[in-house]
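Working notes, beginning with the structure itself.
The values are calculated or read from the model by the stated rules, or taken from the named source; none is laboratory data. None of these values were measured; they are calculated from a predicted model. Here the Cβ is made from the backbone with ideal geometry for all residues, glycine too, and neighbour counts use every protein chain on show.
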Amino acid sequence: MVKKSIKKKATIRFIAKPKVIPGLVHFPHHLSNREIDVLVLIKDGMKNPEIAEEIGLSTKTVENHVRSILIKLGAKNRTDAVIIAVKNELIEI
């Protein structure tokens, strides 16, 4: 009989993370609708507090969305994220 804690650790170890290739999005649906909303507002030049006020979230939540967007798109910064999103037709200019 395998102990629950050992079984749990084994399960966690084998969960695959999606591969992220900078500048290329293979699965654009990895971005949530809210992340797309945030990305559009970033494209419009808004800062995190402005985005938070616009869509009714806390600044911390917006920061988390931005961090997630950068990771998922393999972007270096906010501008890079917008460029990648436009090139991959996730958002329009």
Looking only at segment 62-75, decide whether some residue is hydroxyl-bearing (Ser, Thr, Tyr), modelled with pLDDT of 95 or more, surrounded by 16 or more Cβ atoms within 10 Å (Cβ to Cβ) and assigned to a helix (DSSP H, G or I). yes
In segment 74-85, what residues are touching a residue at least 12 places away in the same chain (Cβ under 8 Å) and either of a type in the set (Val, Ile, Thr) or on the phi > 0 side of the Ramachandran plot (or both)? Gly74, Val82, Ile84
Conditions (1) modelled with pLDDT of 90 or more; (2) surrounded by 10 or more Cβ atoms within 10 Å (Cβ to Cβ) -> His26 fails only (1)
